[in-house]
1. Want the number for E47 to A82: 0.36 nm per residue separation, take away the alpha-carbon distance, what's left?
2. What percentage of all Cα-Cα pairs in the stretch 1-50 are separated by more than 17 Å?
3. Please identify which residues in the stretch 96-116 have an amide N closer than 20 Å to a label point set 7 Å out from the Cα of A75, following the Cα→Cβ vector.
4. Nearest 0.05, what FRET efficiency do D39 and R13 give at R0 = 22 Å with Cβ-Cβ as r?
5. Place the peptides 36-46, 84-94, 10-20, 107-117 in order of packing, highest mean first, counting for every residue the other Cβ atoms within 10 Å and averaging per peptide.
6. For M1 and D28, FRET efficiency with R0 = 35 Å and r from the beta-carbon atoms, rounded to 0.05?
Amino acid sequence: MALRLCDLARAERFFTELLGYRVAWRPDEENVYLARDGDSVALHRAEGLSEEGSGARGLLDHIGIVVERPGDVDAWAAHLAAHGGKLTAGPRTHRDGARSLYLAGPEGLVVQIICLGPESVTGAA
């Protein structure tokens, strides 16, 4: 995933300090590429936008990070609480068996940490 944000330093701290990503490549001060467990996030400086008006919520509803087990969602909730993360919705099990939480990120970004339920994985209705 690639995100355009106004405050790259803040976004980098959010992804590295709170979500455990590491800097994989920083080609210049306008771009940073992060990696974690086979996942990647590219952060690019947004030009001409204010942090309040960057529109992250207008461009997308949320991003998701998939974890292996339902208990991992609860472990993330504890980790985030211990490190100052602000949950917008605590851990819950969805009707399809998925378990997730929602976290407030930089510039209005919402991050869902989710363990997919059996119906999500198999495509059952």
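FYI, it's all coordinate maths here, none of it is from the lab. Keep in mind that this is a model prediction, so the values were computed, not measured. Reconstructed Cβ throughout: ideal geometry from the backbone, glycine too, with neighbour counts over all protein chains shown.
1. Between E47 and A82, full extension yields an extra 9.2 nm.
2. Percentage above 17 Å: 25.
3. 98-103, 112-116
4. After rounding to 0.05, the efficiency reads 0.80.
5. 107-117, 10-20, 36-46, 84-94
6. Here the calculated transfer efficiency is 0.95.
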